[in-house]
Structures are given as C-alpha cells and as structure tokens.
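Peer 1: Below are the structure tokens for one structure; questions will follow.
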Amino acid sequence: MRRREFIKLLGGSVATWPITTRAQTAMPLIGFMSGRAPEESKHLLAAFHQGLGEAGFIEGKNVAIEYRWAFGHYDRLPAMASDLVKRKVAVLVAVGGDVSGLAAKQATSTIPIVFGFGSDPVAAGMVASLSRPGGNATGYVLLTNEMEPKRLGMLHDLVPNASVIGVLLNPNFPPAAKQLAALEDAARAIDQRLAVFKASNDAELDACFKLLIEQHVSAMLVAGDPYFDTQRGRITAFAEQNKLPAIYHFREYAVAGGLISYGPRITDGYRQAGIYTGQILNGAKPGDLPMVQPTKYEFVINLKTAKLLGLAIPSGLISFADEVIE
C-alpha cells in the first residue's frame, strides 16, 4: 500500500478510535457508602484498599471511588444510595452497619452490591442464603449484634456483684429490638437486672451519660451500633472518668481505653469487601460469591484501664484473652 493511501485510510478510521480507547481505558467507578464517619474509619478504609489491591485495583490508577458518609445519621443513607446509583457506579459498597446495606438493596436490584452486616442477612432479606446469596448482593457478616448475650455474660462474670448493668442502645438501629430482646432473655437467665439507655444522636448520648450516673449503674454494655462507633472516644472516656466497667463489641474500643471487648476483627470484613469488589470488577457475579463469616472472635482486655478503675481482673480471664493491653 502506498504511503498516501495508508494516510487516507488512517484518516478515515481514526474518528472511531477515541471512543474505543476511552471505553478501554476509562476507570470503573466504585460507590462507597458508610453509616460511620471518615476520621474514625481510616483503618477500615485501609483494610478495604488492601483487599481491593489484592484483587488488582488501586484507587486513582485503575479504579475511581466516590465516598459517602452518614456520620451515624441513618436517615441520610437512602439518599446516598440513590445518588450513587444515579452515577451508574460499577459496584456499590455499603458498609458501616446493617442500615447501609439495606439502603443499598432498596436502591438497586441490578448494580452489584458488596455489603457488611452485623446481624442475619438472610432473615433481613439481603441474600437468599449465606453460601449462595443469589441476586445482586454479597459481602461479609460479622454477627456482632448476635453476640450481645455472650458479652453480657462476660461482663457479669467480671463484675458478679453488679446490682444494675446499664445497656446503651440506639433505637434507630434496625437490629435494636432484637438486641434488646436477646439481652433481656440473657439477663433473666443469670438473674441480672438491666437498665436500658437509648441514644441515637449526640444530645441523647449526653442525656444517657447523666442518667447512667444518676441511676448508679454498676457496669455498662454498649450494644453494637455504628453511631456508637463514631463516638467511641467519648464513650470510653465517660466510662473511665466515672469508673464504670464496660464491655464493647470491637477491639477499637479497648484500644481507645475501654475495659474489655469481645467480637470479630472488623478490619477483616473490610478487607474482604475490597477483595469481593475487585473480583466483581473482574467479572464475578455477586450472587455466586458466598457471604464470608468470622472465623474467630477476639477477647481484648485493657489492664491499664482496669487499674484506673481499681478493678482486679482474674488471672484465668487474662489467660483466656486474645490480646492484653498494658
């Protein structure tokens, strides 16, 4: 072919190139929504990016991410989910509490969803089964909300003479009713009196702090809830200042100064969310990816806090701990 003919042919076909090239090189967009807050979730985002990287995706290099944070205001999540769906994200990641996943599921039945859940996702209608989710959603389940009775028993063992154990509960969190019912059943079984304090925002939390002091509770159980996670510094500081033994659902509370925690390692869930997101971007169907469950629950004791509270931790309990903070 002569050079002039080649250039002419090239000129006639080049108009189609930019469209094809853009289609091949445009980065897929991930929608990331959370019921929590960005500052206290930095370690969780790091775990998510780690999993995403294991699947071959790096933000800004071959994938873009739009972030949305509810800061514990669950009523904002449906609008966030709808907005991300309108942006035609390739995958919608819904973490930071059951409410986030439920909002995502309500917003789309076609866009793949990777979600995190603290209670039973089958009972909530998120998936058909844990092994074969079906539909457009999959993710990880931490079962933190199912562990409230276990935590109550551990706190009772630690403070056996507690006349009243205060339960801090968020009434706006969908699993709250089941959390409370399970705790009340467990309390009856061990003849333990409970006092329930409900908070879903900062003003209500402050009011609960005052009531906890006024009612002279002997110990405190903080029920699993993303809003409380955004306030863990305030909550653990209150417990320490008022010499109130307390148990929490994530180790982050114990690291922040809480006395003890018992629950799954949440960073494992976020890493799994990143892995599944990458696999879906690579062509996997969410309905074929089984829900991932915790393989281990961690018991963490902060001995420094115990000393500040003037509380002696039994040696047997210390030997049972997975982590001891000194």
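The values are calculated or read from the model by the stated rules, or taken from the named source; none is laboratory data. Keep in mind that this is a model prediction, so the values were computed, not measured. Cβ sites come from the backbone with ideal geometry, for glycine too, and all protein chains shown count toward neighbours. Each accessible area value is taken on the protein alone, full model and side chains, heavy atoms only, with ligands, DNA and RNA left out. Shrake-Rupley method; radii C 1.70, N 1.55, O 1.52, S 1.80 Å.
Peer 1: Which one of the conditions (1) surrounded by 22 or more Cβ atoms within 10 Å (Cβ to Cβ); (2) over 18 Å from ILE280 (Cβ atoms) does ARG76 fail to meet, given that it meets all the rest?
Peer 2: For ARG76, the exception is condition (1).
Peer 1: Which of the residues spanning segment 294-322 are under 28 Å from TYR140 (Cα atoms), in contact (Cβ under 8 Å) with a residue 12 or more places away in the chain, open to solvent by 50 Å² or more (accessible area, probe 1.4 Å) and not in a helix (DSSP H, G or I)?
Peer 2: LYS296, TYR297, ASP322 - these are the residues of segment 294-322 that are under 28 Å from TYR140 (Cα atoms), in contact (Cβ under 8 Å) with a residue 12 or more places away in the chain, open to solvent by 50 Å² or more (accessible area, probe 1.4 Å) and not in a helix (DSSP H, G or I).
Peer 1: Please enumerate the residues belonging to segment 199-223 that are more than 26 Å from the chain's Cα centre (by Cα) and under 20 Å from PRO149 (Cα atoms).
Peer 2: VAL217, SER218
Peer 1: Take the residues in segment 270-293 that are open to solvent by 50 Å² or more (accessible area, probe 1.4 Å) and of a type outside the set (D, E, K, R); name whichever of them is modelled with the lowest pLDDT.
Peer 2: Step by step, filter segment 270-293, then rank; the result is GLN293.
Peer 1: Checking the conditions here, which among PHE57, PHE48, PHE71 is in a loop (DSSP other than H, G, I, E, B), open to solvent by less than 40 Å² (accessible area, probe 1.4 Å) and in contact (Cβ under 8 Å) with a residue 24 or more places away in the chain?
Peer 2: Testing whether each residue is in a loop (DSSP other than H, G, I, E, B), open to solvent by less than 40 Å² (accessible area, probe 1.4 Å) and in contact (Cβ under 8 Å) with a residue 24 or more places away in the chain leaves just PHE57.
Peer 1: Please give the number of the condition ASP120 fails out of (1) more than 14 Å from PHE32 (Cα to Cα); (2) at pLDDT 95 or above.
Peer 2: The single condition ASP120 does not satisfy is (2).
Peer 1: Check whether at least one residue in segment 127-143 is at pLDDT below 95 and on the phi < 0 side of the Ramachandran plot, and report yes or no.
Peer 2: Yes, segment 127-143 has at least one match.
Peer 1: Okay, next question. Report whether or not MET33 is at pLDDT 95 or above, open to solvent by less than 40 Å² (accessible area, probe 1.4 Å), in contact with a strand residue (DSSP E or B) (Cβ under 6 Å, 6 or more places away or on another chain) and assigned to a helix (DSSP H, G or I).
Peer 2: Spelling it out, it is not the case that MET33 is at pLDDT 95 or above, open to solvent by less than 40 Å² (accessible area, probe 1.4 Å), in contact with a strand residue (DSSP E or B) (Cβ under 6 Å, 6 or more places away or on another chain) and assigned to a helix (DSSP H, G or I).
Peer 1: Restricting segment 84-110 to residues that are over 18 Å from ALA37 (Cβ atoms), free of Cβ contacts under 8 Å to residues at least 40 places away in the same chain and part of a helix (DSSP H, G or I), which is least open to solvent (accessible area, probe 1.4 Å)?
Peer 2: Only one residue tops the list, namely ALA107.
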